[in-house]
Amino acid sequence: MSASTINALVSPEGSLEILSTFEVNRLKDKSEGGLYQLFRQCALAVLNTGVETDDCKSLMEAHADFDVRLVPQPRGLKLELINAPAHAFVDGEMLRAMREHLFSVLRDIIYSYSIPQSAAGFKRDEPEGITNLVFHILRNARVLQAGRRPDLVVCWGGHSINEREYQYSKEVGHQLGLRGLSICTGCGPGAMKGPMKGATIGHAKQRVKDGRYIGLTEPGIIGAEAPNPIVNELVILPDIEKRLEAFLRAGHGVIVFPGGVGTAEEILYLLGILLHPENADLPFPVVFTGQQENMEYFEMIDEFIRNALGDEAASKYEIIIDDPVRVAQTMKRGMHEVETFRRAMQDAYYFNWMLKIDPVFQLPFEPTHERMRNLALHRDQPAHLVAANLRKAFSGIVAGNVKETGIEQVQAHGPFEISGDPTLLMPLGEMLKQFVAQNRMKLPGSGAYEPSYRIVGKQD
């Protein structure tokens, strides 16, 4: 054990204390069907809270000697950590937030993977079953609170943003906190941390004692976006599609800050769903915001959306530049509209059951070179399906950038190739070039970006 690591025996912190023998054995199982590798990867990620990296593979390699073992006790269980990062401890005691996150990982991995495939209501390849699974994971994590009025603002944006952009996101969070609104993000650094940090000050000023800082993540990306220290409710969904659905089912509005391909993926997912005809009258406030220096960025995003999806898609959001107060006021009004609508329709405040999500947005997309090359990137389909397939293209690029399996595929077989209608691909290529030029693909200081994709022109 080096000076930068520590061995420790850790007791549960409120999330999960009892496991069956079957669950313990699955967590210990190092074979392909076992959960040990998944649990170890996610546990290491939460122990690196506050350490900014965007490469899951390099994180695992840097801590190759880290291990986590379950130690059954007469009154429950403990976790034995071998060569854990020392910054997770103060005077030999693990930080309470990290202990909570560690057992949240244990809780969610156990819950998601212990539900039998054949269990009633959990058919993972059917829309109702997928939504049901998302609901049960959130309920098991105690994220869904009956009786609480709509107040949850989802904040999306890049983990790789500059200091000025970060400070702006923090000021927006401050204004949201002053109005009693809570924050839900992807749980990592940058634009995921800023709004939470700002909201803590706003909540303190208003003596809000039940402010919520919810972080939603998934195993493939948690190592690249380790939970920031402010997250007080962490949930690990099984994959990106369920993570995105959880954002929109549990959240009541969305704010988008500048970001890269991950943010573009989220925008396309959101707009693709809001464009579905059955969601036409559903109130869901969406604001794109940044500083004056970000105006060109949002004009680029807006132009891309109008070109790919049409003006109706652009009508689903409002762009507000350099005005945190107006952003917060817009969200606060939106919360009232959501509450009025949900009450009239007798839909739950805590979970948006009425939201129609097409199965193409729900079924997991595992990017491979063949699947990326064969994406239906053409205009001969409804706008919400154009959004769905563009979302998959961005999802593949994200995987090649930061997910261990995606990085390995790109290293082995070269960049993912993207082909299709040139009128879609040319603006896509230009936007990706701008992301690279603006350092939105990698964390500042992490070296030159090596593209995980290649635009190859029209599909044969």
Assuming a ≥ b ≥ c are the square roots of the Cα gyration tensor eigenvalues, decide whether the stretch 219-352 counts as rounded (a/c under 1.5), prolate (otherwise, with a/b larger than b/c) or oblate.
rounded
Percent accessible area from carbon and sulfur atoms, the chain, protein chains only, probe 1.4 Å:
49
Contact order normalised by length for the chain, with contacts defined as Cα pairs under 8 Å and 6 or more residues apart; what percent is it?
16
Quick check on the chain: of the DSSP beta bridges with both residues there, what percent are antiparallel, nearest 5%?
35
What FRET efficiency comes out for the pair residue 9/residue 62, r = Cβ-Cβ distance, R0 = 22 Å, nearest 0.05?
0.40
So how far apart, in nm, are the two label points at residue 163 and residue 325 if each is 7 Å from Cα heading toward Cβ?
2.7
Theoretical ellipticity at 222 nm over the chain - DSSP helices of four or more residues, -39500 (n - 2.57) apiece, nearest 500:
-14500 deg cm²/dmol
At 7 Å along Cα-to-Cβ for each site, give me the label-to-label distance between residue 369 and residue 95 in nm.
4.1
Find, among the trypsin sites (Lys or Arg not before Pro) in the stretch 204-243, those assigned to loop by DSSP (not H, G, I, E, B) with at most 14 other beta-carbon atoms within 10 angstrom.
207, 209
Net lengthening on full extension, residue 281/residue 380 (0.36 nm per residue, minus Cα-Cα):
33.1 nm
Surface per residue (accessible, 1.4 Å probe) for the stretch 353-460, Å²
46
Could you pull the Rg and Dmax for the chain, using just the Cα atoms, both in Å?
21.2, 64
For the chain, list the DSSP H helices whose alpha carbon atoms reach 30 Å or more along the long axis and whose average Kyte-Doolittle value is -1.0 or above?
324-345
Longest segment of the chain lacking GluC sites (Glu not before Pro) that sit in a DSSP loop with at most 16 other Cβ atoms within 10 Å
33-460
Among the listed pairs 193/332; 78/403; 28/209; 316/392, give every one whose C-alpha distance is greater than 27 Å.
78/403; 28/209
If amide H atoms are modeled at 1.01 Å from N in the peptide plane, then the residues at a separation of 5 or more from residue 417, or on another chain, having amide H under 5 Å from its own are 373, 454
So what does log10 I(q)/I(0) come out to for the stretch 186-280 at q = 0.13 Å⁻¹, using the Debye formula with one equal point on every Cα and no solvent?
-0.49
Give me the compactness ratio for the stretch 187-231, meaning the Cα radius of gyration over 2.2 N^0.38 Å.
1.25
Filtered chymotrypsin sites (Phe, Trp or Tyr not before Pro), the stretch 251-359: DSSP coil and at most 15 other beta carbons within 10 Å
353
Using a 1.4 angstrom probe with every protein chain in place, what is the largest-first accessible-area order of 302, 210?
210, 302
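The values are calculated or read from the model by the stated rules, or taken from the named source; none is laboratory data. Predicted model, so just to flag it, every value in this text is computed and none were measured. Ideal geometry is used to build each Cβ from the backbone, glycine not excepted, and the neighbour counts take in all protein chains shown. Surface accessibility is based on the protein's heavy atoms, side chains included, excluding ligands, DNA and RNA. Shrake-Rupley method; radii C 1.70, N 1.55, O 1.52, S 1.80 Å.
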